[in-house]
Amino acid sequence: MKLLEKASRIYLLASLLIYAAVGIAFFWIIKFMIYDEVESRLMVEKQDFEAYVRSNDTWSNNSYFVENKIEVVPVFGRFDNKVAFTDTLISNRYDETADPFRQLTFYTLIGGSPYRVAIRKSMIESYKLIEAISAAMIAFLGLLLVSTFLFHRVLSGKLWKPFYDSLAKIKDFDWTKNKPLETVRSEITEFNELGDVMEKMASKMQHDYRSLREFTENASHEIQTPLALINARVEQFIQSKDLGENHTYWIEEIYHAARRMSRLNQGLLLLAKIENQQFTEQENLDLSELALNKLKDFEDILQHKEIRVTVQSAGRFRKVMSPALADILLTNLINNAIRHNYTGGELRLESGVDFVQVSNTGNPLKSEPERLFERFKKESTGAESLGLGLAIVKEICDNCELRISYRYEEPVHSIRITV
């Protein structure tokens, strides 16, 4: 959820709660004021009634009290001399409806006998007034809520626009190019400070990237050159006829160590280049077809180890990625399946619209499957194995937004690449 939407929802919810509380409080205040006014009038009517009774010592319907309905009923037996206000409904003799009244009940003596007196005042006009005030209040509060919400949303959108524009530039920023990051300037100090920090970080990233790239290129050249020279000289010594058996043995050891060091250097430099995203060329590739073609490059080795090859295709697995990385990925997968296979085993290549899978027969793993893709984690004890093949595969998958998984169903090991 975006920040502006989250803030708008919180503001709207808080406003609704506040307006609802204010509306309820306002309704009860208006109702209390109207009831207080009605009850005050009823108390005045009570005083007039008592004054009339004291003057005449009797009671008869009088036009003076025409505003309110007065009911006088004699009381027999004990009674509680209290003054009480209550709501009541009285039938309207004209339209046969029940009208609301506010009633004041009290007791008094008329001619020496106790009477219960009920003075009632109609609440129809008061209720209409309450309804009119409530409707006006709801309308105005609703209009105020909508207006404030729209104003807040528009204002927030304008205030946060530089932030979102800068965020879009950061998303599109490519540190592999020399173009610097330029954030959007605004009147808000915090956004400008954030932009300055991001520009400094981007500049440092570009500098570090260029430094790493220069290092990997220089290391690749400077290390491979002496290693190639060592291998060439050792090959000359091996071919020499003047060497003894011991000399030949030690020279061969030096030769194999130099080759191993050369391949190790190439593997580590390749990992550094992948991590630094130096393979920028992108194409829409069919990995299923590339894997099938790559199998042909290993025909001699497959025949030598008498490995049966099975190919199953349920569709073309297409992916936009670097052709060089795709070639390295499939080469390492197939090479790993052959290296850890046994003579007379089987190799399966399966593919679909969203996956490619390489499976091979082999011995159970000696280590945990979760550590299979770690660097220098190798199952083979042979000198030719460096433990970097599957680590490079994992790095390529992470770099190209692919997922890699391993499954073992005796005696078949399967490595699956999916989107």
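Collect the residues in segment 162-203 that are part of a helix (DSSP H, G or I), among the hydrophobic types (A, V, I, L, M, F, W, C) and open to solvent by 60 Å² or more (accessible area, probe 1.4 Å), keeping them in residue-number order. So that I can check it myself, show each step before the final result.
Applying the first criterion (part of a helix (DSSP H, G or I)) to segment 162-203 yields 162-172, 189-203.
In the following step, the residues that additionally are among the hydrophobic types (A, V, I, L, M, F, W, C) were identified as 163, 167-168, 170, 191, 194, 197-198, 201-202.
Result: L167, L194, V197, M201.
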For segment 380-389, indicate whether the set of residues that are buried (at least 20 other Cβ atoms within 10 Å of the Cβ) and at pLDDT 80 or above is non-empty. no
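State all residues of segment 291-339 that are aromatic (F, W, Y) and at pLDDT below 85; if no residue qualifies, say none. Working first, answer last.
Going through segment 291-339, the residues aromatic (F, W, Y) turn out to be 298, 317.
Passing the criteria: none in range.
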Within segment 1-51, work out how many residues are closer than 30 Å to D165 by Cα and not basic (K, R). 12
Within segment 340-373, the residues that are part of a loop (DSSP other than H, G, I, E, B), among the polar types (S, T, N, Q) and in contact with a Gly (Cβ under 7 Å, 6 or more places away or on another chain) are N341
With segment 7-125 as the region, which strands (runs of 3 or more DSSP E) entirely inside it contain at least 1 residues that are closer than 29 Å to M137 by Cα and either touching a Lys or Arg at 6+ places or on another chain (Cβ under 7 Å) or open to solvent by less than 50 Å² (accessible area, probe 1.4 Å) (or both)? 84-91, 98-110, 113-122
Tell me which residues, restricted to segment 275-306, are more than 12 Å from I334 (Cα to Cα), acidic (D, E) and open to solvent by 70 Å² or more (accessible area, probe 1.4 Å). E275, E281, E283, E289, D300, E306
Quick test of your reading of the structure: V419 fulfils all but one of (1) within 19 Å of E289 (Cα to Cα); (2) at pLDDT 85 or above. Name the failing condition by number. (2)
Has segment 293-301 got at least one residue that is free of Cβ contacts under 8 Å to residues at least 40 places away in the same chain, assigned to a helix (DSSP H, G or I) and among the polar types (S, T, N, Q)? yes
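Of everything in segment 139-151, what is touching a Phe, Trp or Tyr at 6+ places or on another chain (Cβ under 9 Å), loosely packed, with under 15 Cβ neighbours inside 10 Å and either among the hydrophobic types (A, V, I, L, M, F, W, C) or not in a helix (DSSP H, G or I) (or both)? Give them in sequence order.
Pass one, segment 139-151, residues touching a Phe, Trp or Tyr at 6+ places or on another chain (Cβ under 9 Å): 141-142, 144-145, 148-149.
Imposing the further condition that a residue be loosely packed, with under 15 Cβ neighbours inside 10 Å reduces the set to 142, 144, 148.
Within segment 139-151, L144 is the sole residue that qualifies.
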Would you confirm whether or not segment 319-329 contains a residue that is of a type in the set (K, R) and open to solvent by 80 Å² or more (accessible area, probe 1.4 Å)? no
Can you run down the residue pairs with Cβ atoms below 6 Å, 6 or more apart or on separate chains, where the first is in segment 11-39 and modelled with pLDDT of 85 or more and the partner is open to solvent by 70 Å² or more (accessible area, probe 1.4 Å) and in a helix (DSSP H, G or I)? none
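Table: residues versus (1) among the acidic types (D, E); (2) at pLDDT 70 or above; (3) touching a Pro at 6+ places or on another chain (Cβ under 9 Å).
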{"residue": "D196", "(1), (2), (3)": "yes, yes, no"}
{"residue": "E222", "(1), (2), (3)": "yes, no, no"}
{"residue": "P226", "(1), (2), (3)": "no, yes, no"}
{"residue": "L243", "(1), (2), (3)": "no, no, no"}
{"residue": "I251", "(1), (2), (3)": "no, yes, no"}
{"residue": "S262", "(1), (2), (3)": "no, yes, no"}
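Given the residues V309, V320, which is the only one that is in a strand (DSSP E or B) and under 30 Å from D208 (Cβ atoms)? Steps first, please.
On the way: V309 fails: under 30 Å from D208 (Cβ atoms).
Only one candidate qualifies: V320.
E125: free of Cβ contacts under 8 Å to residues at least 12 places away in the same chain and under 30 Å from F49 (Cα atoms), yes or no? If you could, list the steps in order and put the result at the bottom.
Numbers: free of Cβ contacts under 8 Å to residues at least 12 places away in the same chain: yes; under 30 Å from F49 (Cα atoms): yes.
Considered against the rule, which asks whether it is free of Cβ contacts under 8 Å to residues at least 12 places away in the same chain and under 30 Å from F49 (Cα atoms), E125 comes out as yes.
So which of D57, D48 is of a type in the set (D, E) and at pLDDT below 85?
Details: D48 fails: at pLDDT below 85.
Step by step, each of D57, D48 is checked, and only D57 is of a type in the set (D, E) and at pLDDT below 85.
The values are calculated or read from the model by the stated rules, or taken from the named source; none is laboratory data. What you see is a predicted model; the values in this text were computed from it and never measured. Cβ sites come from the backbone with ideal geometry, for glycine too, and all protein chains shown count toward neighbours. For the accessible areas, the whole protein counts, side chains as well, though only heavy atoms, and no ligand, DNA or RNA atoms are used. Shrake-Rupley method; radii C 1.70, N 1.55, O 1.52, S 1.80 Å.
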